[in-house]
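Have a look at the structure below, then the notes.
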Amino acid sequence: MKIEPSSSRPIDRVDRRAAFDLLIAMADWPRLAVAAAALAVYGVLLLVDYRTGAGMDMEVVYLLLFVWWAWAGHPTVAIAAAVITAPAQAAVHAGFGAGSAFVVHTVLALAGPALAIGITAWLRDAVLKLDHHARHDPTTGVLNTRAFWERAEIERLRADRNGTPVSIAFLDLDDFKRLNDDEGHLAGDKALRRFAGGLAASVRATDLVGRTGGDEFVLLLPGADARIAALVVQRVQHLAARMPAPISFSAGIATFPAVPDSVDTMM
């Protein structure tokens with residue numbers, strides 16, 4: 001079995017992919033750290049806004065700050081922060097008090113961030129779903145070939161840096177074509193999903209599970225020597241045998257005490 005890595009791409013496509021990956025990474029930033037940083041930046045902006053007066057409008061910068069906050073954390077938290085900070089922002093422009101100018105500026109200071117946060121929350125959800133669909137096999141939910149390859153390269157580099165072993169296991173369902181022919185593709189897809197679920201339940205959180213073909217799966221087990229890799233495959237066998245419709249498979253394991261110079265070589 002040979003898995004081909006993704007082909008080389010033009011520079012602009014690489015840059016767009018890098019920007020997309022950055023957006024995904026930002027969505028996973030620690031929320032508490034983002035909240036603390038956003039509050040600190042907001043305080044600095046208020047001070048600058050107060051010192052410079054009406055001659056320097058900071059509204060766009062405030063909006064960008066709340067967009068960042070909403071993207072990296074809970075939108076509800078960002079909304080609560082907007083409600084809390086809007087009076088302070090209004091006071092900078094209209095002065096404290098119960099006057100109509102203060103009320104108007106408070107409403108305006110809240111309306112912009114609320115709209116921006118709502119749009120950001122919608123875009124964040126759409127981008128995360130798009131990323132999930134782009135990286136996962138639609139039938140089984142495990143990593144597709146391209147995503148598995150990318151993640152495997154990250155683990156290979158980590159193992160090379162730390163001097164730890166890596167094991168790879170290829171698994172091929174037995175008589176899958178006959179199942180498809182006799183009972184139809186719906187039954188075949190159901191079997192694939194059951195087996196993929198068994199794989200996910202058998203491996204560690206740090207292990208990678210991918211689907212590389214119609215009935216072919218691959219496991220990458222960082223830090224696992226041959227003994228641990230064999231135990232993982234045995235767990236999969238036990239689970240597959242106890243399924244409502246038992247599934248059997250063939251498996252092959254390769255262990256690298258020192259990883260090669262590429263995922264291609266490992267495969």
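Annotations for the structure displayed:
- With loop membership from DSSP and a limit of 12 other Cβ atoms within 10 Å, the longest segment of the chain without trypsin sites (Lys or Arg not before Pro) is 3-203.
- For the range 144-161, Karplus couplings with θ = phi - 60° (6.51, -1.76, 1.60), whole Hz, Gly/Pro x: 7, 4, 5, 5, 4, 4, 5, 5, 5, 5, 4, 5, 5, 5, 5, 5, 5, 5
- HN-Hα J in Hz across the range 181-198 - Karplus 6.51, -1.76, 1.60, θ = phi - 60°, x for Gly and Pro: 5, 7, 10, x, 5, 5, 5, x, 5, 5, 5, 4, 5, 4, 5, 4, x, x
- Enclosed volume per residue, in Å³, of the convex hull spanned by Cα atoms of the range 107-169: 119
Read-outs: derived from the displayed coordinates by stated rules, not from any lab. On a predicted model such as this, the values are computed, not experimentally measured, just so you know. As a convention, Cβ positions derive from the backbone with ideal geometry for all residues, glycine included, and neighbour counts pool all protein chains shown.
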